[in-house]
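This report refers to the structure that appears directly beneath it.
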Amino acid sequence: MVYVHPHPTATGVIERPTGALSVNPAHASYVPTRTVHVPETSVFYNLEVAARRYPSKTAIQFYGAAYTYAELLRDVEHMAGYLQQVCAVQRGDRVVVFSQNCPQFIAAYFAILRADAVMVPANAMLRLDEMEHIISDSGAVVAFVAQELAAQVAPLVGKTCLRQMIVHAYGDALGDDDAGLSVPDWLRPRSPAALDFVGGALWNAALAQQLQPAPALAGPDDLCMLPYTSGTTGKPKACVHTHRTVMTSFVGSSLWRPTNAASVFLAVAPLFHLLGLQNNVNAAVFNGGTLVLMPRWDRETAAELIERHGVTFWAALPTMLVDFFSQPGIEQRDLSSLALITGGGAATPQHINNLLKERYGLDYIEGYGMTETASFLCTNPLHKPKRGCLGTPTFGVDARVVDPQTLEPVEQGEVGEIVVHAAQIMLGYWNNAKANAESFVVIDGKRFFRTGDLASVDEEGFLFMRDRLKRMINASGFKVWPAEVEAALGGHPSILESCVIAVPDPHRGETVMAVVTLRAGASDSVEDILAWCRDHMAIYKAPRIVQIVDSLPKSATGKIAWRELQEEERARRAS
């Protein structure tokens, strides 16, 4: 079966539908009836438009503090001026943001774009050596860093291409009133009087200079961001996204899952991940909506914020929903404002789907996207979602299921690799010709991205995930690549060989397990290795389970038989 949108370039304002979404039974291709025209502007321009339309409307609600669109734009302009005049940031320069969710993260993001620079979001759980790779690989010259993470970046100023850090404190954005909410202690510290290292500046001091940037020059085909995704080579790769590819994704999302200026977004998904940045920040600002911002997941606070601020849109991982609806007293909360809950990345427990439908009349609208596709690619129709399903291709997406070896289309119901051609797909991997050669193919004269995900298509054209061609582990929505973890384990003085596999986890969906052999004479325990992993890797990558064995199974060519280990462990757990 070939699963096709015949309009692969999303290039039009939403047009009047000519009929219902349907499948042509003659060749089982998905026939779209709508096309989306993407604005020929930069992503920053959306903030300028929203601030002109709704200057006194709340853009960001952060515990007891509210920031209007006019205030957000003011800070963005001043910070962009600081980047250009003090940090000497030029058009196309890369700037890192290394922080948990906070108003400063959002202002830094738009300031980077206002300065015609390129945003590099960094996972706030990364360690020093992991940050060094991202900064060096991207060529970032400036970093916006949260106060508690400064130690992970300060040693890199001057050692790498990084020239300066701009440090912010979450507590500075809290205001003086907690509004009766439970604010965690780690969030409260405010900025110090001065920084104790060279090459750093305080966020508030930079803003206080009130510098103005030069006229904006970036257009739709300028680089917008370089989000990193891990790969089978063991080192994270940057996805090259322009303003056009980024905009195509969230503009299409806003039309498919209707949002507008009255929409209120619960922004708890990390903004350094495209699930949070695209579905919350970019979608909200494009529509002039309001962001209710949470820096980390807390189920009680989430319930309070939904009720208090009338949240209508929630992009949530299935693990969040499981935790949220298991809290005592949740049935007494007024969640009637919720109009749409969407997400994906892991299987959703059946009892959660049933609870949402029976208690609130809601469907969990599952979707499918990748960092390489700027998040939004496939999703379920709101009027006809299917459970446990990736949905259908969205506006202008040509998605096909093909044999991974021959690239020929497979029959309906058979499993093959998803390949996609669409306007939101990245230009390629940053400075990585080998990865680009492996990831893109030409079919029928069009450039397709190989997702590495295996799926099948039903008789109505809905995609169902079946397996992963690549060895990615999905732990609570975070992508973990075994080769990267194995490369890190290679730095342990006592580990001889390692094999990292995915094992089922009732809370995380999947978790990371390492099967290792030790060097002669080593006496390290499982607890010793687990502790070392926590110290040397981001917490979501670090193995939660370690097994020490005498030897690892190998193939005839000498490669470690990871699939054999994984299947044996899953069979053992199932029995």
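Just so it is clear, none of the values below were taken in a lab; they were calculated from the coordinates. Since this is a predicted model, take the numbers as computed values, not measurements. Glycine also receives a Cβ, built like all others from the backbone with ideal geometry; neighbour counts cover every protein chain displayed.
Which helices, taking whole DSSP H runs in the chain, have alpha carbons extending 20 angstrom or more along the helix axis plus mean Kyte-Doolittle at least -0.5? Let's see the in-between values first.
Working: long enough: 69-85 (24 Å, -0.42).
Taking the DSSP H segments of the chain (at least 20 Å long, mean hydropathy at least -0.5), we get 69-85.
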Q. Counting Lys +1, Arg +1, Asp -1, Glu -1, what net charge surrounds Phe440 among other residues with beta carbon under 11 Å of its beta carbon?
A. +1
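Going by how many other beta carbons lie within 10 Å of each one, how would you line up Met247, Met165, fewest first? Walk me through the intermediate numbers first.
Working: Met247 28, Met165 24.
Least crowded to most crowded, the residues run Met165, Met247.
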Q) Each label point is 7 Å from the Cα along the Cα-to-Cβ direction; what then is the distance between the points at Glu460 and Ala88, in nm? A) 6.0
Q | With 10 Å bins from 0: P(r) over region 396-462, alpha-carbon pairs, percent | A | 21, 51, 24, 4, 0
Q | Linear extension gain, Ile443 paired with Asn204, 0.36 nm per residue minus alpha-carbon span | A | 80.8 nm
(Q) Using a 7 Å offset from the Cα along the Cα-to-Cβ direction at both Leu217 and Arg563, what is the distance between the two label points in nm, to one decimal? (A) 5.1
Q) Mind listing the Cα extents of region 44-315 along all three principal axes, in Å, largest one first? A) 48, 42, 41
Q) In whole Å, how far is the Cα centre of region 496-575 from that of region 64-113? A) 41
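Okay, helix-only estimate at 222 nm for the chain: each DSSP H run of n ≥ 4 adds -39500 (n - 2.57), divide by all residues, round to 500 deg cm²/dmol; what do you get?
Working: 14 runs with 143 residues, N = 575.
Value at 222 nm, helices only, nearest 500: -7500 deg cm²/dmol.
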Q | Positive minus negative residues near Ala216 (Lys, Arg vs Asp, Glu; Cβ under 12 Å) | A | -2
(Q) Could you give the length gained by full extension between Tyr360 and Leu469, i.e. 0.36 nm per residue of separation minus their alpha carbon distance, to one decimal place? (A) 35.6 nm
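What is the ratio of the Cα radius of gyration of region 37-93 to 2.2 N^0.38 Å, with N the residue count, to two decimals? Could you put the intermediate results ahead of the total?
Working: Rg = 13.6 Å, N = 57, 2.2 N^0.38 = 10.2 Å.
Expressed relative to 2.2 N^0.38 Å, the Cα Rg reads 1.33.
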Q: Grab the Cα-Cα distance for Asp196 and Leu255, subtract it from 0.36 nm times how many residues apart they are, and report the gain in nm with one decimal.
A: 16.4 nm
Q: Give the Rg (one decimal place) followed by the Dmax (whole number) of the chain, computed from C-alpha coordinates and expressed in Å.
A: 23.5, 73
Q.
Below 28 Å, Cα to Cα, which lysines can Lys357 reach? Residues fewer than 8 away in the same chain don't count.
A. Lys384, Lys386
Q. What is the local net charge at Asp323, summed over the other residues whose Cβ is closer than 10 Å to its Cβ (Lys, Arg +1; Asp, Glu -1)?
A. 0
(Q) Pairs of alpha-carbon atoms within less than 8 angstrom and 6+ residues apart define the contacts here; what relative contact order does the chain have, in percent? (A) 14
